[in-house]
Amino acid sequence: MIKKVFCALVLAFLVSAVHAQIKTLNGNIVSRASLDQFLASQVNPGNLPGLSIAIINNGKIVYHRSMGTTSMETHAPLNDQSIFEAASLSKTVFTYFVLRLVDQGILNLDTPLYKYMLYEDISGDERYKLITARMVLEHTSGLPNWRTSDLADSARHIAKGTLYLKFKPGTAYAYSGEGYYYLSRVIAKITKNELTTLDVNFQKEVSIPLGMSYAWFSVNPFITSHKVTGYMNGKAIHRWPGSLPKQDSTWFGAAGGLHTEAVSYANFLIALMKGHGLKKGTADELFKVQVTLPADGNYDGDTGWGLGIGIRPGFHGTDYNHRGNNGNFQSYYRINRAKQSGYVFFTNCDKGGDFNERLEKFFLTGK
């Protein structure tokens, strides 16, 4: 009798889980069936070859799908172990890693980084000694996005590939992957690592405790055997890891080298919203407006920047987000800390931004 009751309860739970409705960030309710249908209409070789997506409601993953193909050449189906480049979604995870070390007293957010490590790449400009970890994480370091591709008008005379400062550190906002690279080198030094071994510390401090089953910053056999192919303009592109001279896939790519999938990243976002693993003041600092962005600037809807995270108005207070774009891989997350809700997705093509617009329209209108 007890066994029958237990089985009935399990069955009822499974049935309710299958048919449970999903609440979007704007407060609308969508059914699993309608969301499945919408996503099925989006995932195809001419649009999105592959998609990994997860939705969070009240601090729990309530929806997850792995759809499409890992390769348009082999047509192998994508599954829950398929690995994507997180692109710049890496930055929020790296920020959390940094803040774990701050809480342990290994690093101070406002101590100039040169005191931990002199940086020969830009030692010719003494202003670099003003740069702190906080400036890196809030994108006010003054460093370019990438030295190989981002030359300011005032620096056109500088040879391509030479690192430089766009402005005095701490005086303006300018998105910078170079800043994250610099900070990762500092972290490697003070934790007695190289960039080729720093991922071991990341696994210990972040990936394992937060339930990120598939999340690495450096290459390993699992990534190479499970990574999906990325596409631009319908053509396969293989160019990981990044934009720095002589960088290879064994390096810890703080700015865009994370490899993961939606469930692992959603588990991270849940922990982030709950403040797990960080002191309360440290977690609050991450979500705090560190930089107010000009209203007339082109910031894709962001009005401010925290530590490793974009800030924007939401339907229910403040939302937090980040975009990722490695060209052949695009990704996005958006969360509401107060509601403990949000979503994250990864695509293996250059149309993730367009997909996000259609996804948010679906969340708003159901169409």
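Residue count for the stretch 113-133 satisfying the condition of being of a type in the set (A, V, I, L, M, F, W, C) and in a loop (DSSP other than H, G, I, E, B): 3. Looking across the stretch 145-172, the residues that are within 27 Å of His322 (Cα to Cα) and among the basic types (Lys, Arg) come down to Arg147, Lys166, Lys168.
Checking each residue in the stretch 190-223 for being basic (Lys, Arg) and assigned to a helix (DSSP H, G or I) picks out only Lys204. Could you please let me know if Ser123 is free of Cβ contacts under 8 Å to residues at least 12 places away in the same chain, open to solvent by 60 Å² or more (accessible area, probe 1.4 Å) and on the phi < 0 side of the Ramachandran plot? Yes: the conditions hold for Ser123.
Suppose the filter is over 17 Å from the mean Cα position of the chain (by Cα) and at pLDDT below 95; does Pro209 pass it? Against the criterion (over 17 Å from the mean Cα position of the chain (by Cα) and at pLDDT below 95), Pro209 does not qualify.
The residue pairs whose first member lies in the stretch 133-144 and is without any contact (Cβ under 8 Å) to a residue 40 or more places away in the chain and within 19 Å of His322 (Cα to Cα), whose second member is β-branched (Val, Ile, Thr) and assigned to a helix (DSSP H, G or I), and whose beta carbons are closer than 9 Å, counting only pairs six or more residues apart or on different chains, do not exist in this structure.
The requirement of being in a helix (DSSP H, G or I) and either open to solvent by 40 Å² or more (accessible area, probe 1.4 Å) or in contact with a His (Cβ under 8 Å, 6 or more places away or on another chain) (or both) is fulfilled somewhere in the stretch 134-141, by at least one residue. If you check Gly161, Gly170, Gly230 for being open to solvent by less than 40 Å² (accessible area, probe 1.4 Å) and at pLDDT 95 or above, only one passes: Gly230.
Does any residue of the stretch 101-109 turn out to be in a helix (DSSP H, G or I), open to solvent by less than 60 Å² (accessible area, probe 1.4 Å) and more than 27 Å from Ser213 (Cβ to Cβ)? No; the residues of the stretch 101-109 include none that is in a helix (DSSP H, G or I), open to solvent by less than 60 Å² (accessible area, probe 1.4 Å) and more than 27 Å from Ser213 (Cβ to Cβ). Evaluating Ala254 against the criteria (1) within 29 Å of Gly161 (Cβ to Cβ); (2) open to solvent by 10 Å² or more (accessible area, probe 1.4 Å); (3) assigned to a loop (DSSP other than H, G, I, E, B) leaves one unmet condition, (2). Scanning the stretch 65-94 for residues that are under 20 Å from the mean Cα position of the chain (by Cα) and surrounded by fewer than 16 Cβ atoms within 10 Å (Cβ to Cβ) turns up Asp80, Gln81. Of the listed requirements (1) modelled with pLDDT under 95; (2) within 22 Å of the chain's Cα centre (by Cα), Lys204 misses just one: (1).
Residues are listed down the side, and each one gets a yes or a no for (1) under 17 Å from Asn47 (Cα atoms); (2) at pLDDT below 95; (3) out of contact with any helix residue (DSSP H, G or I) (no Cβ under 9 Å at 6 or more places or on another chain):
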{"site": "Ser66", "(1), (2), (3)": "yes, no, no"}
{"site": "Thr69", "(1), (2), (3)": "yes, no, yes"}
{"site": "Gln81", "(1), (2), (3)": "no, no, no"}
{"site": "Lys91", "(1), (2), (3)": "no, no, no"}
{"site": "Arg100", "(1), (2), (3)": "no, no, no"}
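Taking the stretch 289-366 as the region of interest, the strands (runs of 3 or more DSSP E) fully inside it that hold 1 or more residues being farther than 30 Å from Gln81 by Cβ and open to solvent by 70 Å² or more (accessible area, probe 1.4 Å) are 310-314.
With respect to the conditions (1) part of a helix (DSSP H, G or I); (2) out of contact with any Phe, Trp or Tyr (no Cβ under 9 Å at 6 or more places or on another chain); (3) among the basic types (Lys, Arg), Lys168 lacks only one, and its number is (1). Only one entry in Lys129, Lys160, Lys115 is without any contact (Cβ under 8 Å) to a residue 60 or more places away in the chain, over 27 Å from the mean Cα position of the chain (by Cα) and closer than 22 Å to Leu198 by Cα, namely Lys115. May I ask you to verify whether Ile187 is surrounded by 14 or more Cβ atoms within 10 Å (Cβ to Cβ), out of contact with any Ser or Thr (no Cβ under 9 Å at 6 or more places or on another chain) and part of a loop (DSSP other than H, G, I, E, B)? It is false that Ile187 is surrounded by 14 or more Cβ atoms within 10 Å (Cβ to Cβ), out of contact with any Ser or Thr (no Cβ under 9 Å at 6 or more places or on another chain) and part of a loop (DSSP other than H, G, I, E, B). Consider the stretch 258-288 and keep the residues that are of a type in the set (Ser, Thr, Tyr) and buried (at least 22 other Cβ atoms within 10 Å of the Cβ). The one that is nearest to Gly230 (Cα to Cα) is Thr260.
The values are calculated or read from the model by the stated rules, or taken from the named source; none is laboratory data. All values derive from a computational prediction rather than experimental measurement. For neighbour counting, all protein chains shown are included, and Cβ atoms are generated from backbone atoms with ideal geometry for every residue, glycine included. Ligands, DNA and RNA are excluded from the accessible area calculation, which covers all protein heavy atoms including side chains. Shrake-Rupley method; radii C 1.70, N 1.55, O 1.52, S 1.80 Å.
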